[in-house]
1. Give the angle, between 0 and 90 degrees and rounded to the nearest 10, that separates the Cα long axis of helix 303-316 from the longest principal axis of the Cα atoms of the chain.
2. Label points 7 Å out from Cα along the Cβ direction at Thr347 and Glu133: separation in nm?
3. Pull out the extension gain between Gln46 and Thr65, defined as 0.36 nm times the separation in residues minus the alpha carbon to alpha carbon distance; nm, one decimal.
4. Might you work out the accessible area of Asp44 for me, using a 1.4 Å probe with all protein chains in place, and round it to the nearest 10 Å²?
5. Between the range 48-80 and the range 243-284, how many Å separate their Cα centres?
6. May I ask for the longest run of the chain untouched by trypsin sites (Lys or Arg not before Pro) that are loop-located per DSSP and have at most 11 neighbouring C-beta atoms (other than their own) within 10 Å?
7. For the range 90-158 and the range 294-324, what is the centre-to-centre distance using only Cα atoms, to the nearest Å?
8. For helix 271-288, report the angle its Cα long axis makes with the longest principal axis of the Cα atoms of the chain; keep it between 0 and 90° and round to the nearest 10°.
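The values are calculated or read from the model by the stated rules, or taken from the named source; none is laboratory data. Just so it is clear, the model here is predicted, and its values are computed rather than measured. We place every Cβ from the backbone using ideal geometry, glycine too, and count neighbours over all the protein chains shown. All accessible areas refer to the heavy atoms of the entire protein, side chains included, with ligands and DNA or RNA removed. Shrake-Rupley method; radii C 1.70, N 1.55, O 1.52, S 1.80 Å.
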Amino acid sequence: MHLKNSMTLRDNLRIDTSSSLDRQAPRGPISPSDTAIANYAGRDLQANRGVPLNLDWVNAVRVNTSAVERRAQTIGTRRTVKKEWQAAWLLRAVTCMDLTTLSGDDTDERVRRLCAKARQPIQHGLIQKLGIESLAIKVAAVCVYHAFVETARRAIEGSGIHVAAVSTGFPAGLSPFEERLAEIRRSVEAGADEIDVVITRAHVFGGKWQALYDETAAFKNACGPAHLKVILGTGDLLTLRNVARASVVAMMAGADFIKTSTGKEAVNATLPVSLVMTRAIREYAQETGMAVGFKPAGGIRTAKQSLDWLALMKEELGDSWLKAELFRFGASGMLADIERQLEHHATGRYSADYRHPIA
């Protein structure tokens, strides 16, 4: 793709850094288009409110595994972006990132350092070289354990960055049900804007779709005003058909996002799994008129991989899903490589990894 010499990176990027949550409500009568959060095939889509469980729909789900794998292999080869356009896509990936620390040795100080990185994910000198100071690039959210929600909330106050908390006995999701609900409520009370919950995988293995629906709907209710991101643990689900069915049930129960993995499984986000989940989102949008977000998490470590997932979203769901309100990366380790690629774009040289610490 050739660019005119006069075209700047700022022209190519066109990122709307404000969230619809931050904008003032429209004046006068409110129409469906005023409250739409996405558009697919010319149709305005609303935020997901959930629908009654439709077992006929769930049982009818089929996945052609070989076709999915063939399609997934083409995602990184069908289109490429170079120079200014590549840098713009990488910056877009940064704005869709949930910067995360979920280690057993987390501390308040580590979380505060992570939040500082979230506020300015790209080094100031590099921002100046790229000429993008006016974009005010920042990540979408900081994701932490419940114990650090208040620390994160204070550290990012006023930035517009969301606080996400992993909950419901993360990562196994096997603590008593009432404890899982209480954990959600405590995180919301502490200031979490988003809750990443873990489903009971045994419900999927046993085909207990009503139980999975009821569990997810209870999680949604416990979230109150916070957004619900439902982690399917796709690496544990064994088949793509299980992934597709679990995706549909989670959306019917009111999930705002469906997420691949906790990042703790042996196999985390993969392009075939992501393709199945995005097509489930597309079918749900077509059937219900409601949009659900997607979050691949775990195993995404390079700038090149971020471009693959952005291409997937654009091709399968369209431009509405190329924003933080409907797409997130759970891939903190990817940020350092994105910075290195941006530095190469600006200077022609790669910097060392240690020059781009996360926290």
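1. So the helix axis and the longest Cα principal axis differ by about 60 degrees.
2. It works out to 1.9 nm between the two label points.
3. Additional length available on full extension: 3.8 nm.
4. Answer for Asp44: close to 70 Å² accessible.
5. That distance is 9 Å.
6. Here the longest segment lacking exposed loop sites spans 83-348.
7. Comparing the Cα centres of the range 90-158 and the range 294-324, I get a distance of 19 Å.
8. Here the helix axis deviates by roughly 70 degrees.
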